[in-house]
Amino acid sequence: MKFKDLSNTKNKEIEYNRASITLRFTLIALILILSCYYLWVLYKAVTPNVSTAYKAYYIKTQTLFWQPNKPNLSLNIPSFLDVTKKSPYLSRKGWDKNADNGYRQLNSSGGLYFTLPFILKKNIKVTLTLASPLTSPVHFSMNKWKGVFTPQKRANIVEAEIPIVAFKANHALQFLQFNTSTPLLLKNVKISFTTLNAISHKKSIPLIQTSS
């Protein structure tokens with residue numbers, strides 16, 4: 001009996017040692033995998049050779065959704081953006097992450113990040129389709145330019161014109177920001193060219209740049 005007990009004890013020790021070794025190798029493998037992953041993330045964060053969309057989403061946390069099929073956040077004009085979809089242009093700030101009943105809510109201030117694949121030769125018109133008529137003005141800023149949306153014949157449509165000089169050059173990342181004092185429910189944003197090549201300074205005026 002003693003011999004059998006010793007044999008059973010030894011077998012249990014061997015099984016325990018095997019299980020312990022397996023567990024150690026598993027933990028080491030997991031640590032190595034996680035280390036490689038975080039090293040890869042760190043490399044992507046510090047390397048300058050990343051796409052505009054990657055930098056805006058992962059590094060600067062500017063955009064709400066990641067869409068690898070839009071690496072440069074390039075926006076053609078005219079464009080019709082359904083903001084209820086997971087558009088890569090939506091800013092992380094301001095927008096509700098989930099759309100509801102065919103609309104997405106904009107809280108306080110938020111907007112669109114994008115680049116232009118060409119040099120503008122005409123002013124731009126931005127049209128917002130809302131769930132209901134405005135109860136307070138919607139202001140906007142385009143980089144260093146600001147203005148206000150004006151209601152149209154259809155009560156839930158507002159428009160604004162933006163001059164060429166408001167846009168950055170050389171395929172730089174643009175930011176069109178909407179500012180509202182009350183939350184808005186938006187359905188879509190249409191960006192197109194205007195028929196006039198001038199804009200009233202009463203509607204939109206440039207921000208004064210201050211030295212930092």
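The values are calculated or read from the model by the stated rules, or taken from the named source; none is laboratory data. Here the structure is a predicted model, which is why all the values come from computation and not from measurement. Cβ atoms come from the backbone with ideal geometry, glycine included; neighbour counts cover every protein chain shown.
Worth pointing out:
- If the condition is being assigned to a strand (DSSP E or B) and of a type in the set (Phe, Trp, Tyr), then the range 143-154 contributes only TRP145.
- Single match in ASN101, ASN143 (criterion: at positive phi, without any contact (Cβ under 8 Å) to a residue 60 or more places away in the chain and either surrounded by fewer than 16 Cβ atoms within 10 Å (Cβ to Cβ) or not assigned by TED's automatic domain parsing to the domain that holds LEU173 (or both)): ASN101
- Taking the criterion of being in contact (Cβ under 8 Å) with a residue 60 or more places away in the chain and among the aromatic types (Phe, Trp, Tyr), the residues of the range 147-187 that qualify are PHE175, PHE178.
- Matching residues in the range 183-212 - criterion: being at pLDDT 90 or above and over 19 Å from LYS144 (Cα atoms): PRO183, LEU184, LEU185, LEU186, LYS187, ASN188, VAL189, LYS190, SER192, PHE193
- Count of the range 158-171 residues, restricted to those that are surrounded by fewer than 17 Cβ atoms within 10 Å (Cβ to Cβ) and of a type outside the set (Gly, Ala, Ser), is 6.
- Residue count for the range 130-142, restricted to those that are assigned to a strand (DSSP E or B) and either over 22 Å from ALA166 (Cβ atoms) or of a type in the set (Gly, Ala, Ser) (or both): 2
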